[in-house]
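Report on one structure; see the data block that follows.
The values are calculated or read from the model by the stated rules, or taken from the named source; none is laboratory data. For clarity, every value in this text was computed on a predicted model and none was experimentally measured. Methodologically, a virtual Cβ is constructed for each residue, glycine included, from the backbone with ideal geometry; neighbour enumeration extends over all protein chains shown. Remember, those area values only see protein heavy atoms, side chains included, never the ligands or the DNA or RNA. Shrake-Rupley method; radii C 1.70, N 1.55, O 1.52, S 1.80 Å.
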Amino acid sequence: MSDWIVLGGPASTDIAENLARMLNLELVQVDYKSFPDGEGKVRINVDVMNKKVIMVHGTHPPCDTHLVQALFIAHKLSQEGASVHACIPYLAYARQDSEFQAGEVVSLSTVSHLLRTAGVKSLVTVDIHSSHGLGYFSIPSFSISAIPLLAEYAKENVNLTDPLAVSPDFGGSTRVEAFARILGIEKISLKKARSRTTGEIVMEESNVEVSGRDILLVDDMISTGTSIQRAAKYLEGFGAKRVFALCTHPLLVGRAVEIMESSGVREVIGTNTVPSPVSHIDVTPILAEHYRTSLS
Ligand code: R5P
């Protein structure tokens, strides 16, 4: 891997540093400046000719700014003769992976097109919203699961009574299954019906016994906290003891943590794909493992 280097984009400098250290690769940074009108300027002040560059740069909020930065960096790297391999720990727009209503942009398809046009040769992300989304990428693309890290964290840091792993919606069934298998515990998936016009969420019934049990709600991302809030209230209505919320991507928009805590969630736990006060779990080891096996 001697021709590989790691480049830390401004969105993910910590993960880039950790990755370079774990892979024993040179780390380079970019100079980033933003102007008062909101435009940004990127400068790459190192020779990257003939280098294979792992560009680590998440597209968490501000999503559009981070996405444009990724495109600028990738384009410049390829213009300078590098081969660009994007490591995007949180891939924005992965939820809009279909035309749910006529006329909607399939945002993920456009993101894929833009990255490829900017010169990106491969993509690694963590827990893409749905594996279906990877189908939009015509370059080699991988979604690495952080679920084992969440399960290990829960095992080591939370003292649980008769735990039950719960996905707040049916789309998360595979995730919660993997999580529960690692911990050797029972699991269920609730059915969440979200109105595409009003955004209103309705929980549908599940017939599993939750009374007196500790609940581990597992999701790929927590944005406004509404899905977790509704699930927590629903489960507490059935006598759940304590509710913990674990996710890969803690976007935690606005009052998300407050909203969840006020509906009885004891603790919110996330990874550092998105920097936040609850980003307790470092995903770098699983990224490093992927690169070690695929690049050697
Ligand atoms: C939806 O399908 C996702 O898996 C998450 O459940 C959802 O995006 C979380 O959003 P919020 O926190 O705003 O309810």
Of the residues Ile88, Ile44, Ile15, Ile73, which single one is farther than 27 Å from Thr271 by Cβ, modelled with pLDDT of 95 or more and β-branched (Val, Ile, Thr)?
Ile44
Which count do you get for residues in the stretch 219-241 that are within 10 Å of the ligand (Cβ to nearest atom) and among the aliphatic types (A, V, I, L, M)?
4
Considering only the stretch 98-109, state which residues are in contact with a helix residue (DSSP H, G or I) (Cβ under 9 Å, 6 or more places away or on another chain) and either under 17 Å from His75 (Cα atoms) or open to solvent by 10 Å² or more (accessible area, probe 1.4 Å) (or both).
Ser98, Val106, Ser109
Scanning the stretch 156-196 for residues that are of a type in the set (Ser, Thr, Tyr) and free of Cβ contacts under 8 Å to residues at least 24 places away in the same chain, the one nearest to Ser145 (Cα to Cα) turns out to be Thr174
Looking at the structure I just gave you, is Glu236 at pLDDT 95 or above and not β-branched (Val, Ile, Thr)?
no
Would you check which residues across the stretch 1-34 are more than 24 Å from Val274 (Cα to Cα) and either crowded, with 20+ Cβ neighbours inside 10 Å or of a type in the set (Phe, Trp, Tyr) (or both) and list them?
Trp4
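Condition check ((1) touching an Asp or Glu at 6+ places or on another chain (Cβ under 6 Å); (2) away from the ligand (no atom under 16 Å from the Cβ); (3) under 23 Å from Pro61 (Cβ atoms)) across all residues:
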position	(1), (2), (3)
Glu99	no, yes, no
Thr110	no, yes, yes
Ser122	no, yes, no
Thr125	no, no, yes
Ser131	no, no, no
Phe170	no, no, no
Phe179	no, no, no
Pick out, from the stretch 5-113, the strands (runs of 3 or more DSSP E) lying fully within it that include 2 or more residues that are in contact with a strand residue (DSSP E or B) (Cβ under 6 Å, 6 or more places away or on another chain) and under 22 Å from Gly135 (Cα atoms).
52-56, 83-88
Mind listing just one residue for me: the one in the stretch 194-215 that is open to solvent by 40 Å² or more (accessible area, probe 1.4 Å) and outside any loop (DSSP other than H, G, I, E, B) and, of those, modelled with the lowest pLDDT?
Val202
Among (1) touching a strand residue (DSSP E or B) at 6+ places or on another chain (Cβ under 8 Å); (2) within 11 Å of the ligand (Cβ to nearest atom); (3) closer than 15 Å to Asp169 by Cα, there is one condition Met260 misses while meeting the rest; what is its number?
(3)
Name the residues in the stretch 117-140 that are over 22 Å from Cys247 (Cα atoms) and either in contact with a Leu (Cβ under 7 Å, 6 or more places away or on another chain) or buried (at least 17 other Cβ atoms within 10 Å of the Cβ) (or both), would you?
Ala118, Gly119, Val120, Lys121, Ser122, Tyr136, Phe137, Ile139
